[in-house]
Amino acid sequence: MVEAVELGLPRQRGATGTRLKAWLRNEYVRVGLAETLCTYVMMVFGLGSVAQVVTGKGAFGHYISINLGFGLGVAMGCHVGGKVSGAHMNAAVSFTMCAFGRLAWKFLPLYVCAQFLGSFLAAGTVYAVYYEAIYDYCGGNLTVTGVRATAGIFATYPAPYLSLMSGFADQVFGTAMLLLCLWALFDQRNKPALEGSEPVAVGLLVLLIGMSLGSNSGYAINPTRDLGPRIFTAIAGWGTDVFRSGNGWWWVPVIAPLVGGVLGAGIYTAMVELHHPPSSKQSCEGQVEEESAPLGKQENICADVCV
């Protein structure tokens, strides 16, 4: 499975020996490892920004810091796994791509498991890094609700005024906007992000969603981003209240983003993508060649992503 080859890099002056590079031939393993790592990176920066704001009591950032943390975390995640797994980092993105034929259904369990694992490990890492800060902030009482609640560092919870129905609609709409804009960013026959700028573009999209649609329920818009850390908190000391709080809120950020993702991508496809005028060029043999490739089937695509 693993082979070692000599790197084609110039050697530094005075350096001796051979540099080796190993790679895995199994596509599932390569994709799974990359998707786990890029999700982990995105979540560490995102959850870390929340932990810093909450435990710092406003001295080390505010709500905009959380938006920036997740937005820039998404951009870094794109760079980590973009050319290997596509850096989805979001089960709603993977599910939507499968629904539109841009990712084989056989890959969906792999992506979901990798994203869940990356999110779970990131929650554990942030908990370890901020362990003393969390206990100092809450006095050792790990709670889901209340003035010193800390469960919200890891998973999303609805505002007190938000009903389950309104919260479901909130998550559907937020994820729909995410996928609608992602479809546009990679539509080669419209106005796509410039090659190489995709991570920044997607990071800015997540930042924009957080700044405009985040106050109702924390803009999870990502089933694995929410469920992995929620299960971690249940194990780490917050208990089953993480599933009971908010009238049993936990299932909303798991199901609603799947609906919203398909809705958003469907709206863009129906209103824009299907109506592009024919755009092709003649090859030297007289064959018609497509000038663009659909999202998910392009080589080196690095931003089928989100938190």
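No value in this document is a laboratory result; all are computed from the given coordinates. What you are looking at is a predicted structure, and each value in this text was computed from that prediction instead of being measured. Here the Cβ is made from the backbone with ideal geometry for all residues, glycine too, and neighbour counts use every protein chain on show.
Principal semi-axes of the equivalent ellipsoid, √(5λ) from the alpha carbon gyration tensor of segment 59-208, are 31, 18, 17 Å from largest down.
Distances between every pair of Cα atoms in segment 24-274, grouped in 5 Å steps from 0 to the bin holding the largest one, split as 1, 7, 13, 19, 21, 17, 11, 6, 3, 1, 0, 0 percent. The separation of segment 145-166 from segment 252-277, counted between C-alpha centres, amounts to 27 Å. Given R0 = 25 Å, the distance between the Cβ atoms of residue 247 and residue 63 translates into a calculated FRET efficiency of 0.55.
Sorted fewest first by neighbouring Cβ atoms within 10 angstrom, 102, 230, 30 come out as 30, 102, 230. Rounded to the nearest Å, what's the spacing between the alpha carbon centres of segment 178-246 and segment 89-134? Just the number, please. Taking the Cα centre of each part, segment 178-246 and segment 89-134 sit 11 Å apart. Annotation: the residues 25, 189, sorted from fewest to most other C-beta atoms within 10 Å of their own C-beta, follow the order 25, 189. Each peptide in 77-83, 33-39 gets a packing score, the mean of other Cβ atoms within 10 Å over its residues, and the list from highest to lowest is 33-39, 77-83. Neighbour counts of C-beta atoms inside 10 Å place 161, 268, 63 in the sequence 161, 63, 268, starting with the fewest.
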